[in-house]
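Encoded as structure tokens, the structure appears first; notes follow it.
The values are calculated or read from the model by the stated rules, or taken from the named source; none is laboratory data. Keep in mind it's a predicted model, so treat the numbers as computed, not measured. All Cβ positions, even for glycine, are placed from backbone atoms using ideal geometry, and neighbour counts span all protein chains on display.
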């Protein structure tokens, strides 16, 4: 990392571009980019696009198990939105020489860049709305930051529609999570089970703590504006009060002394994938966590392979 920083400081083009975007300047043309800027931007868009596509196999089981036609339509509509978001992002990647069809259907599934939170197929409709409530809120905070701060104007503009539609996903999740919490004892139990499972996954969406992060190019080139901890704090400041208002228990609270929201556990912690249970007494190292994130869950490769082989159709309905 020290070498990388030194390289930027000694390269006048890199230093000049960083100083330029720091003033709020937005690039419109690929020709304005340095190679390093281009690589950071492409990597960011690449991950964002993959995350949108992987929602299809994640949500599809819930379409089959949703209790009503209206619920099926709600999940299908969310999937349609996400695929539209991916299409916009892949279109941007085409400006950098990528072929969308090849990118979607010819890559090894293990090469896809996904986050653990989106790798577990939803077993029922309650899991989907809890995922929207807590998970889509995390994704929304990320994409809003990119829209408001990204120094590459075409990408920032493309996120206006993305974020407009994500507000519906979040509000849908919040509304129906509250509904099922109050519907019956069994639905309330299921909501709490899903929050117990998804909360640490969503908190981890924002990555490693700032003091351990070694790659800071996204901030240096103003691809995004907020750090990992800053975005995680925004998420906590919205989701913890919501949970407390509904009555849902979450492993986080507002610390009066620190003046911020904090987790009730020290990340990273061990997840038993088979049982979908977190062991708060078993902390793992960040090196171990990074390996888990890179490999993905047991569902990652089969889910992406399903997208690539287009095994869809009337069985969903």
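Quick notes
- Qualifying residue in the range 229-238 (condition: free of Cβ contacts under 8 Å to residues at least 24 places away in the same chain, under 25 Å from residue 292 (Cβ atoms) and touching a helix residue (DSSP H, G or I) at 6+ places or on another chain (Cβ under 9 Å)): yes
- When the test is whether a residue is within 26 Å of residue 148 (Cα to Cα) and either surrounded by 20 or more Cβ atoms within 10 Å (Cβ to Cβ) or modelled with pLDDT under 95 (or both), residue 50 passes it.
- Test result for residue 121, surrounded by fewer than 19 Cβ atoms within 10 Å (Cβ to Cβ), touching a residue at least 24 places away in the same chain (Cβ under 8 Å) and not in a helix (DSSP H, G or I): yes
- Residues that are in a loop (DSSP other than H, G, I, E, B), surrounded by fewer than 13 Cβ atoms within 10 Å (Cβ to Cβ) and touching a helix residue (DSSP H, G or I) at 6+ places or on another chain (Cβ under 8 Å), drawn from the range 208-222: none
- Matching residues in the range 182-197 - criterion: being surrounded by fewer than 21 Cβ atoms within 10 Å (Cβ to Cβ) and assigned to a helix (DSSP H, G or I): 182, 183, 185, 186, 187, 188, 189, 190, 192, 193, 196, 197
- Some residue of the range 41-55 being out of contact with any strand residue (DSSP E or B) (no Cβ under 6 Å at 6 or more places or on another chain), assigned to a helix (DSSP H, G or I), in contact (Cβ under 8 Å) with a residue 24 or more places away in the chain and farther than 17 Å from residue 155 by Cα: yes
- Complete set of residues in the range 108-118 that are farther than 19 Å from residue 38 by Cβ and in contact (Cβ under 8 Å) with a residue 24 or more places away in the chain: 109, 110, 112, 114, 115, 116, 117, 118
- Taking the numbered list (1) crowded, with 16+ Cβ neighbours inside 10 Å; (2) closer than 30 Å to residue 274 by Cβ; (3) over 20 Å from the mean Cα position of the chain (by Cα) in turn, residue 98 passes all entries but (2).
- Residues that are closer than 19 Å to residue 173 by Cβ and either in contact with a helix residue (DSSP H, G or I) (Cβ under 9 Å, 6 or more places away or on another chain) or in contact (Cβ under 8 Å) with a residue 40 or more places away in the chain (or both) within the range 76-97 comprise 76, 77, 78, 79, 81, 82, 83, 84, 85, listed in sequence order.
- All told, residue 148 falls short of being modelled with pLDDT of 95 or more, surrounded by 18 or more Cβ atoms within 10 Å (Cβ to Cβ), under 27 Å from residue 239 (Cα atoms) and touching a helix residue (DSSP H, G or I) at 6+ places or on another chain (Cβ under 8 Å).
- Test: residue in the range 62-77 that is modelled with pLDDT under 95, on the phi < 0 side of the Ramachandran plot, under 17 Å from the mean Cα position of the chain (by Cα) and not in a helix (DSSP H, G or I): no
- Once the range 1-44 is narrowed to residues that are in contact with a helix residue (DSSP H, G or I) (Cβ under 8 Å, 6 or more places away or on another chain) and surrounded by fewer than 12 Cβ atoms within 10 Å (Cβ to Cβ), the residue that is modelled with the lowest pLDDT is 7.
- Checking each residue in the range 238-269 for being surrounded by fewer than 13 Cβ atoms within 10 Å (Cβ to Cβ) and in contact with a strand residue (DSSP E or B) (Cβ under 9 Å, 6 or more places away or on another chain) picks out 241, 255, 260, 264, 266.
- Of all residues making up the range 270-282, the number that are exposed (fewer than 15 other Cβ atoms within 10 Å of the Cβ), touching a strand residue (DSSP E or B) at 6+ places or on another chain (Cβ under 9 Å) and over 14 Å from residue 196 (Cβ atoms): 2
- Residue in the range 60-80 that is within 22 Å of residue 224 (Cβ to Cβ) and surrounded by fewer than 19 Cβ atoms within 10 Å (Cβ to Cβ) present: no
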